[in-house]
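All remarks here apply to the structure that follows.
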Amino acid sequence: MKVDKLTLGSFAVNCYIVDVDNNAIIIDPGSGFEEIEKYLSSKGLNPLTIINTHGHYDHIGAVNQLLEKYEIDFYIHQQEERYLKDCDFNLSLMVAQKAYRVNDYKIIDSKAVKFFAGLGLEILHTPGHTPGSISIIGNGWLFCGDLLFKQAAGRTDLPGGDSRELKNSLKKIRKMDRNLVIYPGHGQKTSLGWELDNNYYLSHDFLGKE
């Protein structure tokens, strides 16, 4: 299993391509359909599925084109359905000045969790930035979307955001292996150990004692 990052669009969203035996799992294709297509072709990868950490437009902007091109499945948490249908919630009207919706999707349920487990990936519900935000764990990596960044954490002032839920999700992350490599939705990769030592949003001062 290998991972590569494509930083795409005006919001510099990190789209991750996870290579599992030459099959590609595409995480958070926010824009840049042509760049994603070119990358997959150059590496000889067979697109297997798309999975999103959440439903904001800057993370789902290339989904429809990828679905049309490759006829694969797109997975997202049930609590993100509104973001796929409501342009005010997914921010497409604000970000791209156009309405963007995704109608072809599969809900992350027990069957989907089992499917991803078969690929070596664990799905963890980590709400706060949005109600259905998830993190994806596998092979010593944590793809956390907009929950956690290098020396920062996700915002909660957008539709559906909840600061209490974000804190609860960060508490889950704080208990994990310090050696985890953190792949955030924006910015540089980091490690959980470094963040535990340097990120205020993982500190007891911010999250409180447990």
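General observations
- The order of the peptides 86-96, 60-70 by mean Cβ neighbours within 10 Å, most packed first, is 60-70, 86-96.
- Distant alpha-carbon pairs in the stretch 112-162 (separation over 17 angstrom), percent: 40 percent
- For the stretch 132-140, 3J(HN,Hα) computed residue by residue from phi via the Karplus equation (6.51, -1.76, 1.60; θ = phi - 60°) reads x, 4, 10, 10, 10, 10, x, 6, x Hz, glycine and proline entered as x.
- Rg/Rh for the chain (Cα atoms only, Rh after Kirkwood) is 0.94.
- Of the cross-linked pairs LYS2/LYS98; LYS189/LYS209; LYS114/LYS167; LYS43/LYS150; LYS111/LYS175, those separated by over 31 Å at the C-alpha level are LYS2/LYS98.
- Simple spin-label estimate for ARG164 and GLU35 in nanometres, 7 Å along Cα-Cβ: 3.9 nm
- Rounded to the nearest 5, the antiparallel percentage of DSSP beta bridges internal to the chain is 65%.
- Global geometry of the stretch 8-52, whether rounded, prolate or oblate, following the gyration tensor of its Cα atoms and the 1.5 cut on a/c: oblate
- Computed accessible area, ASP73, all protein chains, 1.4 angstrom probe, square angstrom: 70 Å²
- Remark: the stretch 94-104, residue by residue, has Karplus-estimated 3J(HN,Hα) of 6, 7, 10, 6, 8, 7, 10, 9, 10, 9, 10 Hz, where x stands for each Gly or Pro and the curve is 6.51 cos²θ - 1.76 cosθ + 1.60 at θ = phi - 60°.
- Taking amide hydrogens as placed 1.01 Å from N in the peptide plane, the amide H of VAL13 sits under 5 Å from those of LEU8, each at least 5 positions away in sequence or on another chain.
- FRET efficiency, 1/(1 + (r/R0)^6) with R0 41 Å, evaluated for SER203 and GLN65 via beta carbons: 0.50
- Overall, the accessible surface of the chain at a probe of 1.4 angstrom is composed of carbon and sulfur to the extent of 45 percent.
- The stretch 102-210 - Kirkwood radius from inverse mean 1/r over Cα pairs (Å): 14.3 Å
- Space enclosed by the convex hull of the alpha-carbon atoms of the stretch 140-191, per residue, Å³: 72 Å³
- Cα centroid of the stretch 47-94 to Cα centroid of the stretch 163-210, whole Å: 25 Å
- Gain upon complete extension [ASN139, VAL181; 0.36 nm per residue less C-alpha separation]: 14.2 nm
- In the stretch 86-194, the DSSP beta bridges split such that about 75 percent are antiparallel, to the nearest 5.
- In straight-distance terms, cross-link reach from LYS172 covers every one of the aspartates and glutamates whose alpha-carbon lies under 18 Å from its own, apart from those fewer than eight places away in the same chain; here that gives GLU122, ASP146, ASP162, GLU195, ASP197, ASP205, GLU210.
- Approximate shape of the stretch 1-93 as ellipsoid semi-axes (Cα gyration tensor, √5λ), whole Å, largest first: 22, 14, 11
The values are calculated or read from the model by the stated rules, or taken from the named source; none is laboratory data. Because the structure is predicted, anything quoted here is derived from the model rather than measured. Neighbour counts run over all protein chains shown; Cβ positions are idealised from the backbone, glycine included. Protein only, heavy atoms only, side chains kept; ligands, DNA and RNA dropped before computing areas. Shrake-Rupley method; radii C 1.70, N 1.55, O 1.52, S 1.80 Å.
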